[in-house]
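A quick write-up on the structure given underneath.
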Amino acid sequence: MSGSQADFEQALTVGRPPNIVRLFPNSKALIVSGKVIDRALMAKGKAMTIAANGRNNFIIRGALLAAQRANAAIIIEIARSEGGANAYCPVNYWNMARQVDQAMNELGITVPVAIHADHYGIKKEADLDFAKVEIPTIFEAGITSIAIDASHLPDDKNLLANLALAQLVPAWAGLETEIGEIKGDQGLSTPTEALFLIQGLNAHNIFPDWIALNNGTTHGIEESGQGIQVGLTAEVHAGLARYHVSGAQHGTSGNSSERLREIAAQTSTTKANVATALQMVSWGLQVNDYGNAILDESGNFIKVKDAGVTENMWREMVAYAEANGWKKGNYKSLNLPFEPKLMGQPKAIRERMVKRVEDFIYDLLVKVFNAEDSAPLGIKAILDKGSCDMGPKVGRLEDSAQWSGEKIARRAACLGGDKGPTGDFDD
């Protein structure tokens, strides 16, 4: 139990958002707004929690068990590329809340958990009309937090897209925004770009809980040792201090534990996305401290005997990938076709897959992220407010008259900056 039974019961009564109450009226799962998770980690101080990309059901279960064991508030998420209309994962925007709620009730999970739609990507202005139809549907399906990611667009168009789409996000829901696509050491974000986006949103009464940036890391399998630039991240966050925006760290897989400890201790980051590492761990592949799968001399993944899926299943997965011409970075696409096969393995196999994820995430939460015992702080935040809605962390500080469409374009033209190479950087 993440606090007293009475506190937990009261948090269940007042802390679940209206969409969750409607979907799961009799549930004992404390599914909350992303704002609650952010507030819990802020209260802990020098701490961040995992936003576990639930690419398969085993990851979801392992993440929840790890959070319960660590008494930590966490986020379960899926990105639009992973679980949107063109999903390569069986977990998607429309079934994730149902899977999390079921698992929480079955496993007796009592820590606060948010359901986050990560990287809701807008790559061109024409995407806005589709997004205006689709975004309400994912909240109807139980999403409690969203990342509007128009970082693919020029700075002014990014801001305008956020202004248009934030109107579709319930006031109680967690909100993340982003500058700079995640491109490794190319097109690094700047404090000026971050300030432009946050000031423009603030002028229009939009107050994001998190900002993500390109601070030197990548999605997927990290091939460079550069990783997160902690100093740059701290500089960006310092420039946003008066707006009380927390950091969201993307591309966490591929960064050493020491670097992640520095992010937690030296920046305002409260949310750390972990995706690729978790799928590899669940399958039973050998990974290093960075969460990267280790390759043998022939460049192949190393399957740990009697860990994760069965050896026969792994051979079948490899053969399927090779038949489709998939390189190592595309093994992520195995999630969708193989979920029924993996669910059909014996119980002992399924449980060891979950356990491996649980142990990996527990170590992150406790030994790296400093998230242990953040769950009661989330419950306290709910009880202090007496509501599922934490409200904004700051009020309007900017003059909306100075942030009209014409003035936004003029301001953006003065930003400069290198956006890095073009290409598809989704994962």
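The values are calculated or read from the model by the stated rules, or taken from the named source; none is laboratory data. Model, not experiment: these values are computed from the prediction. Every residue, glycine as well, gets a Cβ built from its backbone with ideal geometry; the counts of neighbours run over all protein chains shown.
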### Task
Could you tell me whether segment 257-272 includes any residue that is modelled with pLDDT under 95 and polar (S, T, N, Q)?
yes
Here, helices (runs of 4 or more DSSP H) confined to segment 1-89 with at least 3 residues that are within 14 Å of the chain's Cα centre (by Cα) are 34-44, 57-70, 80-83
Those residues of segment 399-416 which are farther than 17 Å from ILE179 by Cβ and either in contact with a strand residue (DSSP E or B) (Cβ under 8 Å, 6 or more places away or on another chain) or not aliphatic (A, V, I, L, M) (or both) amount to ASP399, SER400, GLN402, SER404, GLY405, GLU406, LYS407, ARG410
Restricting segment 371-382 to residues that are touching a strand residue (DSSP E or B) at 6+ places or on another chain (Cβ under 9 Å) and assigned to a loop (DSSP other than H, G, I, E, B), the one surrounded by the most Cβ atoms within 10 Å (Cβ to Cβ) turns out to be SER374
Residue set ALA29, ALA63; condition hydrophobic (A, V, I, L, M, F, W, C) and in contact with an Asp or Glu (Cβ under 6 Å, 6 or more places away or on another chain); output residue ALA29
Taking segment 133-184 and keeping only residues that are of a type in the set (Val, Ile, Thr) and in contact (Cβ under 8 Å) with a residue 12 or more places away in the chain, one is left with ILE135, THR137, ILE138, ILE143, THR144, ILE146, ILE148, VAL169, THR177, ILE179, ILE182
Exactly one of ALA97, ALA117, ALA103 is surrounded by fewer than 24 Cβ atoms within 10 Å (Cβ to Cβ) and either modelled with pLDDT of 95 or more or not in a helix (DSSP H, G or I) (or both), and that residue is ALA103
Restricting segment 289-338 to residues that are of a type in the set (S, T, N, Q), surrounded by 11 or more Cβ atoms within 10 Å (Cβ to Cβ) and in a loop (DSSP other than H, G, I, E, B), the one modelled with the lowest pLDDT turns out to be ASN292
Check your understanding: Among the residues of segment 7-17, is any touching a residue at least 24 places away in the same chain (Cβ under 8 Å), among the basic types (Lys, Arg) and within 20 Å of ALA173 (Cβ to Cβ)?
Key -> yes
